[in-house]
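The values are calculated or read from the model by the stated rules, or taken from the named source; none is laboratory data. Everything numeric in this text was worked out from a predicted model, so none of it was measured. Cβ coordinates were reconstructed from backbone atoms using ideal geometry, including for glycine residues, and neighbour counts include every protein chain displayed. When the accessible area is computed, the model is the full protein with side chains, heavy atoms only, and any ligands, DNA or RNA have been set aside. Shrake-Rupley method; radii C 1.70, N 1.55, O 1.52, S 1.80 Å.
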Amino acid sequence: MDTQTVAKKALLFDSTRCIGCGACYSACKERNQLPRTAVNFLSDNLSADTFTVVNRRNNRYVRRMCMHCNEPTCVSVCPVGALDKSSAGPVSYEASKCMGCRYCVQACPFSVPQYEWDDPITPRVRKCDMCRDRIAAGVATACATVCPTGATRFGSRDELIAEAQARIRDNPGRYVDHIYGLAEVGGTSVLMLSDVPFETLGYRTDLSQPLPHLTWNVLHKLPTVVSIGGVLMSGIWWITKRREDVRRAEREENGTSSSS
Amino acid sequence: MLKIALPRPRITFWRVILVIVLAAGAYATFLRFTKGLSATTNLSAQFPWGVWIGFDVLCGVALAAGGFTISAVVYIFHIEKYHPIIRPTILTAFLGYSLVILGLMFDLGRPYNVWHPLIMWNPHSVMFEVGWCVTLYTTVLMLEFSPMVLEKLAWKQPYKIIKSITIPLVILGVLLSTMHQSSLGTLYLIVPHKLHALWYSPLLPIFFFISAIALGCAMTIFESYLSLRAFRKHLDFQLLTRLGAVAAVTLSVYLVIRLTDMQSRGVLSLAFQPTYEGRMFLAEMLLGVVAPIIMLFNPRIRNNEFGLFVAALMVVLGFVMNRINVAITGMDQSSGVHYFPSWSELSITASIVAFGFLLFGLAVKYLDVFPPEDMKKIARGNRAQLPALAAFRAPLWSATTLAFVMCLIFMGGTVVLSYDGIRRRPAPAPLVEGSGVVDISHGLAELRMPEAIAIKMGPTSPGQCFFSHARHVKRENPNCSACHSGLFRMLPTTPDITPDRKMRNCGVCHDGVKAVGILQEERCDSCHLNKSAGLARS
């Protein structure tokens with residue numbers, strides 16, 4: 001986790017350019033072959049059948065989807081490695097490994113992973129996989145391909161960061177001076193620009209540190225604790241046994257008079 | 001060989017309850033595995049872990065705390081006088097872990113993959129560690145438990161082998177359960193933004209571990225007391241008294257560390273605010289920690305069978321409350337939903353508990369769980385030296401009923417507190433959609449509609465037809481999803497659009513009602529170009 005390679009690909013979402021047309025929403029459904037879940041897409045939420053949504057917040061249109069963190073919490077908590085962060089950026093899920101503990105659903109700071117609660121035997125965790133196969137084939141994600149205004153752009157993360165910085169620099173007063181996802185939870189592969197503070201759009205702004213360290217700080221001590229503990233207990237066992245043996249031997253020497 | 005004489009079962013109050021609980025649980029099990037979690041639980045993406053994790057797993061694992069505490073005392077520290085209660089605590093621990101695994105079978109979405117952590121490693125995951133601990137420690141407990149069965153079967157060789165590896169087993173067991181108790185706390189370290197500050201602490205693993213030791217003592221007292229009464233077996237009461245003292249000391253340490261930690265993080269004042277969380281926290285600490293400490297430090301109460309029993313019961317309930325608070329109460333505010341377990345969740349939980357009682361009862365009846373030497377001592381007349389049972393001579397059911405009533409009061413109190421809390425909680429600030437028209441001028445300035453799309457011509461086509469986005473979409477309010485939700489693909493696999501035979505796709509809208517009808521239209525050339533006109537209109 002500490003030596004995670006820097007993500008190469010990313011998405012840049014500029015909320016000032018979003019016109020709320022729902023092209024990304026529909027293209028995502030189409031690419032992932034998901035059924036219709038809402039009459040009005042603007043009021044839809046993330047679910048097992050919806051991997052990205054466009055919502056209206058504070059008089060803006062904003063997208064929600066998997067952030068594809070550089071140090072993904074979901075990947076770190078998955079006990080079987082069913083979630084994986086590829087070097088190209090996408091965090092994707094492999095259902096055949098999953099045992100359905102839903103720790104990823106619990107732990108994700110963006111509340112992204114969804115679960116097939118209806119399926120009694122083979123439920124899957126569902127979320128955006130950043131069109132992993134399309135990226136591998138050298139094509140942009142479905143949402144970025146269809147976006148008619150360039151509000152969602154796909155590209156290399158470094159280039160998109162440069163572009164986001166350029167947009168902020170070249171349009172004074174249009175943006176708040178912050179690229180969401182540049183540093184949040186250690187950086188994400190989805191970057192966002194806005195003209196109003198991000199918390200008013202429903203994005204968490206209290207996530208400065210990558211979360212996997214919180215548990216790793218404890219977990220990496222375990223081998224030490226176990227070896228010291230094992231030695232310590234064996235020692236105590238030996239000492240108390242020896243004391244017992246000595247006492248017994250003394251008792252036998254002195255006869256039974258001194259013991260009670 | 002084991003001789004089991006099965007008498008005709010008597011119908012008693014508790015047996016009827018048992019059968020009802022198990023029957024309801026069986027029905028809920030059927031629903032769980034045919035309809036899924038959404039139909040049987042109140043779990044959701046906002047609240048993915050409910051009572052099965054909060055109670056069945058967190059508290060089930062803690063049942064084993066008596067096992068590792070007493071094993072360490074006897075085998076590692078050689079305090080031999082606790083030898084007589086080793087077996088009941090090992091039995092409880094083994095049952096606890098077995099029931100945890102049983103509970104997981106309900107909670108896990110794909111229970112048949114429960115073994116995956118053993119081969120698919122992710123050492124960064126706490127759940128991975130938990131999986132390994134459960135597997136290894138259940139195995140260790142099974143080995144520690146096996147002599148009780150082997151001696152009955154009179155299999156000498158395996159019995160000897162198991163006996164000879166007792167010490168390494170115990171050391172392994174203590175290490176594993178230490179790791180496991182604390183790792184259940186570590187599970188929640190990853191959700192600092194979700195778990196309420198009254199419970200979230202970087203020291204959670206340590207709190208889980210220390211409280212498990214106190215619980216281990218309390219559980220040993222509780223179960224020894226009940227089984228002694230139920231099975232009319234006798235045990236040196238002084239042992240339980242001393243365990244009570246140990247529990248009191250451990251709980252005091254726990255209390256001091258916990259309060260110091262909260263003070264240093266500046267969240268102590270949250271406990272005294274009139275919120276649901278504040279009251280649940282106070283209830284947990286006052287009833288489950290402070291009150292038992294006072295009771296157990298008082299020699300008169302500690303040395304009184306009834307007093308000790310009640311104090312132990314309060315420690316157990318306080319512990320359960322702590323785990324429920326971490327898993328459920330503390331998650332309530334951040335989740336945005338009010339989770340309360342469904343009847344299926346509760347009835348499966350109740351069945352698992354009832355099943356545990358049943359197995360414990362059977363084991364005590366048919367295996368030598370309580371030491372036969374003790375019985376001999378009593379036969380030799382040592383019984384007179386045991387503290388009199390005078391304080392609480394009522395029959396067994398009064399103790400059980402007391403425990404039952406206390407549990408009911410505890411659960412009722414929780415429900416009342418949560419109900420009241422839910423009503424009084426100020427609503428979380430809703431996400432503001434904003435009013436008025438969204439300013440999309442920046443976006444419209446950038447808007448590029450797709451170019452006219454040439455629809456492939458069929459053999460009978462009167463001429464090339466183009467679809468123009470610009471003519472069909474309102475620029476000020478482009479709703480792509482209106483047409484692109486199933487009807488028209490956005491991500492063509494081939495560059496060409498397939499021929500629209502008989503103009504069916506266009507006809508969906510151009511039916512003469514929603515838009516100009518085309519099938520009755522006689523002027524084909526309003527859409528189809530004459531061959532001579534070429535691509536002029538693109």
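Observations
- Counted residues, the stretch B:441-495 - those being facing chain A (nearest Cβ under 8 Å), charged (D, E, K, R) and surrounded by 11 or more Cβ atoms within 10 Å (Cβ to Cβ): 2
- Search result, residues across the stretch A:57-67 that are among the basic types (Lys, Arg), open to solvent by 10 Å² or more (accessible area, probe 1.4 Å) and either touching a Gly at 6+ places or on another chain (Cβ under 7 Å) or more than 10 Å from chain B (Cβ to nearest Cβ) (or both): A:Arg57, A:Arg64
- Selection within the stretch B:402-440: residues that are of a type in the set (Asp, Glu) and at pLDDT 70 or above. The member of this set that is surrounded by the fewest Cβ atoms within 10 Å (Cβ to Cβ) is B:Asp439.
- Answer from A:Arg204, A:Arg247 - the residue that is surrounded by fewer than 16 Cβ atoms within 10 Å (Cβ to Cβ), of a type in the set (D, E, K, R) and in contact with a Pro (Cβ under 9 Å, 6 or more places away or on another chain): A:Arg204
- Taking (1) more than 15 Å from the chain's Cα centre (by Cα); (2) at pLDDT below 90 in turn, B:Cys59 satisfies each apart from (1).
- Check on A:Ser189, within 11 Å of chain B (Cβ to nearest Cβ), among the polar types (S, T, N, Q), more than 28 Å from B:Asn479 (Cβ to Cβ) and within 21 Å of the chain's Cα centre (by Cα): no
- For the condition more than 10 Å from chain B (Cβ to nearest Cβ) and assigned to a helix (DSSP H, G or I), A:Thr224 qualifies.
- So B:Leu184, is it in contact with a Leu (Cβ under 6 Å, 6 or more places away or on another chain), in a loop (DSSP other than H, G, I, E, B) and open to solvent by less than 30 Å² (accessible area, probe 1.4 Å): no
- Residue in the stretch A:199-209 that is over 27 Å from B:His442 (Cα atoms), among the polar types (S, T, N, Q) and within 14 Å of chain B (Cβ to nearest Cβ) present: yes
- Number of the exception - A:Cys18 against (1) at the interface with chain B (Cβ under 9 Å from one of its Cβ atoms); (2) open to solvent by 10 Å² or more (accessible area, probe 1.4 Å); (3) not in a loop (DSSP other than H, G, I, E, B): (3)
- Taken over the stretch A:26-36, the criterion of being open to solvent by 10 Å² or more (accessible area, probe 1.4 Å), at the interface with another protein chain (Cβ under 7 Å from one of its Cβ atoms) and in contact with a Ser or Thr (Cβ under 6 Å, 6 or more places away or on another chain) is satisfied by A:Arg36 alone.
- Residue within the stretch A:165-182 that is touching a residue at least 40 places away in the same chain (Cβ under 8 Å) and among the aromatic types (Phe, Trp, Tyr) present: yes
- Tabulated pairs, the stretch A:127-140, first without any contact (Cβ under 8 Å) to a residue 24 or more places away in the chain, second open to solvent by less than 50 Å² (accessible area, probe 1.4 Å) and outside any helix (DSSP H, G or I), C-beta under 7 angstrom, 6+ apart or interchain: A:Ala140/A:Phe154
- Subset of the stretch A:102-159 [facing another protein chain (nearest Cβ under 10 Å), buried (at least 21 other Cβ atoms within 10 Å of the Cβ), touching a strand residue (DSSP E or B) at 6+ places or on another chain (Cβ under 8 Å) and at positive phi]: A:Arg102
- Residue, nearest to A:Tyr115 (Cα to Cα), within the stretch A:68-101, restricted to residues that are open to solvent by 10 Å² or more (accessible area, probe 1.4 Å), part of a loop (DSSP other than H, G, I, E, B) and more than 8 Å from every other protein chain (Cβ to nearest Cβ): A:Ala95
- Of the helices (runs of 4 or more DSSP H) contained entirely in the stretch B:50-166, those carrying at least 1 residues that are farther than 30 Å from A:Gly235 by Cβ and among the hydrophobic types (A, V, I, L, M, F, W, C) fall at B:58-63, B:86-107, B:116-119, B:126-153.
Okay, residues lined up against (1) more than 14 Å from chain A (Cβ to nearest Cβ); (2) surrounded by fewer than 17 Cβ atoms within 10 Å (Cβ to Cβ); (3) of a type in the set (A, V, I, L, M); (4) more than 24 Å from the chain's Cα centre (by Cα):
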| position | (1), (2), (3), (4) |
| --- | --- |
| B:Val19 | yes, yes, yes, yes |
| B:Gly25 | yes, no, no, no |
| B:Gly50 | no, no, no, no |
| B:Thr89 | yes, no, no, no |
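- Condition check for A:Val39: at the interface with another protein chain (Cβ under 7 Å from one of its Cβ atoms) and not in a strand (DSSP E or B): no
- Test for B:Lys35: is it under 30 Å from B:Tyr188 (Cα atoms) and charged (D, E, K, R): yes
- In the set (1) at pLDDT 75 or above; (2) in a loop (DSSP other than H, G, I, E, B), B:Phe466 fails one condition alone, (2).
- Of the criteria (1) closer than 23 Å to A:Cys108 by Cβ; (2) exposed (fewer than 14 other Cβ atoms within 10 Å of the Cβ), which one A:His178 fails: (2)
- Unique residue being closer than 29 Å to B:Thr329 by Cβ and either at the interface with chain A (Cβ under 10 Å from one of its Cβ atoms) or in contact with a strand residue (DSSP E or B) (Cβ under 9 Å, 6 or more places away or on another chain) (or both) when the list is B:Leu172, B:Leu198, B:Leu184, B:Leu204: B:Leu204
- Residue check, B:Thr12 more than 18 Å from A:Tyr115 (Cα to Cα) and within 14 Å of another protein chain (Cβ to nearest Cβ): no
- Residue within the stretch B:137-158 that is within 14 Å of chain A (Cβ to nearest Cβ) and on the phi < 0 side of the Ramachandran plot present: yes
- Subset of the stretch B:218-263 [modelled with pLDDT of 90 or more and open to solvent by 40 Å² or more (accessible area, probe 1.4 Å)]: B:Val246, B:Val249, B:Val253, B:Val256, B:Ile257, B:Leu259, B:Thr260, B:Gln263
- Matching entry among A:Leu232, A:Leu214 (being facing chain B (nearest Cβ under 10 Å), open to solvent by 90 Å² or more (accessible area, probe 1.4 Å), outside any loop (DSSP other than H, G, I, E, B) and of a type outside the set (Lys, Arg)): A:Leu232
- Subset tally (residues that are open to solvent by 10 Å² or more (accessible area, probe 1.4 Å) and assigned to a helix (DSSP H, G or I)) for the stretch B:334-353: 10
- Verdict on A:Arg169 being part of a helix (DSSP H, G or I) and either loosely packed, with under 13 Cβ neighbours inside 10 Å or within 12 Å of chain B (Cβ to nearest Cβ) (or both): yes
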